Amino acid sequence: MKNFMVTHTLKSDEAMEAYFAAMETMSEADIRGAMKNEKASFQMQWNAGKYDKIMFCWWKAESPEAILETLGEMGSLFDNDIREMPNVLDFTD
């Protein structure tokens with residue numbers, strides 16, 4: 001699978017409330033399970049909570065379409081800027 005960075009921008013204050021209300025009812029394991037299948041796998045997210053409507057997510061996926069399919073209805077809350085990241089530098093050593 002390819003690496004993608006996705007900027008998810010919530011479309012409105014109402015979308016932000018709906019998103020965070022849904023997230024409050026789910027554990028991290030629930031979220032991870034709902035965002036993983038044979039075509040796409042959510043890896044990590046960075047966000048500022050309700051202080052900002054933008055979230056940054058790392059995905060492994062076959063294609064941008066696979067990410068949108070995996071997001072399902074939740075994806076309609078966001079404008080999704082999906083960018084493939086073919087070059088990875090690992091500085092963890």
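The values are calculated or read from the model by the stated rules, or taken from the named source; none is laboratory data. On a predicted model such as this, the values are computed, not experimentally measured, just so you know. With ideal geometry, Cβ positions are generated from the backbone for all residues, glycine too; neighbour counts draw on all protein chains shown. For the accessible areas, the whole protein counts, side chains as well, though only heavy atoms, and no ligand, DNA or RNA atoms are used. Shrake-Rupley method; radii C 1.70, N 1.55, O 1.52, S 1.80 Å.
Only protein atoms count toward the accessible area here, which uses a 1.4 Å probe; on the chain, the carbon and sulfur part of that area reaches 53 percent.
Taking all protein chains together and rolling a 1.4 Å probe, residue 26 ends up with roughly 70 Å² accessible. Per-residue ellipticity at 222 nm from helix content only, as computed over the chain with -39500 (n - 2.57) for each DSSP H run of at least four residues, stands at -8000 deg cm²/dmol.
Per residue, the accessible area of the chain comes to 67 Å², computed with a 1.4 Å probe over protein heavy atoms only. Looking at segment 15-63, the GluC sites (Glu not before Pro) that sit in a DSSP loop and have at most 10 other Cβ atoms within 10 Å of their own Cβ are 38. Need one number: nm distance between label points at residue 2 and residue 37, each 7 Å from Cα along Cα→Cβ, rounded to one decimal. In this crude label model, residue 2 to residue 37 measures out at 1.9 nm. Matching the structure-derived P(r) over Cα pairs in 10 Å bins from 0, in percent against the labelled list (1) 15, 45, 25, 11, 4, 0; (2) 14, 33, 35, 16, 2; (3) 16, 50, 29, 6, 0 gives the label (3). The value of relative contact order for the chain, using C-alpha pairs under 8 Å at least six residues apart, is 46 percent. Both radii were evaluated on the Cα set of segment 42-83; the Rg over Rh quotient, with Rh as the Kirkwood radius, amounts to 0.95. Spacing of the modelled spin labels on residue 56 and residue 25, each 7 Å from Cα toward Cβ, amounts to 3.1 nm. With 20 Å as the limit, the listed pairs 2/39; 2/36; 2/53; 11/39 have 2/53; 11/39 beyond it between alpha carbons.
Taking segment 33-51 and a reference point 7 angstrom along Cα→Cβ of residue 74, the backbone N atoms nearer than 14 Å belong to 33-37, 40-47.
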